[in-house]
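Okay, so here's the structure we're looking at.
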Amino acid sequence: MPFNTERKELEQARREDGRLPPGQSLTLKWPVLHEGPVPPFDPERWRFWVSGLVENPFELAWHEFQQLPRTTVTADFHCVTTWSKFDNRWTGVPFSVIATKAAPKREAKFVMVKAEGGYSTNVSLTDLMRDNVLFADQHEPEPLTPEHGGPLRLVVPHLYAWKSAKWVRGLEFIAEDRPGFWEQVGYHMNGDPFKEQRYRESNRRRKVL
Ligand SMILES: Nc1nc2c(c(=O)[nH]1)N[C@H]1C(S)=C(S)[C@@H](COP(=O)(O)O)O[C@H]1N2
Ligand SMILES: [Mo]
């Protein structure tokens, strides 16, 4: 079957079964989308740190991070620029493993996710504690490539993909929600694709990436 006919049929099927959020179209390829250069990875110097409103702030080296319990999640991926990529198989460390180790204080309600080069994004702790949220280092069957966030990216499948920070390096647990990199220029604080939470009201037309 010609590629585009197949794509359109699949898209229609996903629309009908309710898996394609409003205003999205299906892609069979995997676009690479980010701001700035792909950062280098030095396994000797890489650290993952957890700070802010937690009982147990910590830092892990790459070899330590790799000892953590792992999971595999199959999930869809929705970019605010309107493409959706279905059935990604991600493998890595569940967010809940990191949260349990950190022991968030009662006041902690949000997390500022921080990545290489100054990228950040805010996600509520409730959203991060969902079952299929993980720090992925594999996109099955391959290790995560540098362009797609390797060595490690956050994956939050039920929110728009800008919340899935590539090259993630740290978490800051906070009490009050605060805008991250794209949220500061008008992207939605929450970003639910099924509610089309793309941009904040005041910034409807401000499309950036
Ligand atoms: N560090 C970082 N992570 C990022 C971005 C970015 O600019 N920097 N862009 C986000 C956006 S808008 C999307 S759609 C996805 C794209 O992931 P992909 O390139 O693996 O498809 O990464 C997200 N994570
Ligand atoms: Mo995106």
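For segment 1-54, which whole percent of the accessible surface, found with a 1.4 angstrom probe, sits on carbon and sulfur atoms?
54
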Heavy atoms only, 1.4 Å probe, whole protein assembly: order 189, 129 by accessible area, highest first. 129, 189
Measure nothing fancy, just the Cα-based angle from helix 3-16's long axis to the longest principal axis of the chain, in degrees from 0 to 90, nearest 10. 70
Any chance you could list P(r) for segment 28-103, counting all Cα-Cα pairs in 5 angstrom bins from zero, rounded to whole %? 3, 11, 16, 16, 18, 20, 12, 3, 0
Cut-off under 5 Å, modelled amide H: who pairs with residue 165 long-range: 154
Gyration tensor (alpha-carbon) shape descriptor, segment 65-140, a/c threshold 1.5: oblate
Taking a probe of 1.4 Å and leaving out DNA, RNA and ligands, the chain shows per residue an accessible area in Å² of 50
Among 114/195; 109/195; 8/114; 29/114; 166/195; 8/109, the pairs whose Cα-Cα distance exceeds 32 Å are 8/114; 8/109
Pop out the carbon and sulfur fraction of the accessible area of segment 84-209 as a percent, whole number, probe 1.4 Å. 48
Could you tell me how far the Cα centroid of segment 24-56 sits from the Cα centroid of segment 74-141, in Å? 10
Stretch gain in nm, segment residue 27-residue 63, where the contour uses 0.36 nm per residue and the Cα spacing is subtracted: 9.5 nm
Which value, to two decimals, describes the C-alpha radius of gyration of the chain once divided by 2.2 N^0.38 Å? 1.02
If amide H atoms are built 1.01 Å from N in the plane of the peptide, which residues on other chains or at least 5 residues away come under 5 Å of the amide H of residue 25? 83, 84
If exposed means no more than 10 neighbouring beta carbons inside 10 Å and the site is in a DSSP loop, what's the longest run of the chain without any exposed trypsin sites (Lys or Arg not before Pro)? 107-203
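The values are calculated or read from the model by the stated rules, or taken from the named source; none is laboratory data. Every value quoted in this text rests on a predicted model; they were computed, and no experiment measured them. Ideal geometry is used to build each Cβ from the backbone, glycine not excepted, and the neighbour counts take in all protein chains shown. Ligands, DNA and RNA are stripped out before the accessible areas are found, and what is left, the full protein with its side chains, is counted by its heavy atoms. Shrake-Rupley method; radii C 1.70, N 1.55, O 1.52, S 1.80 Å.
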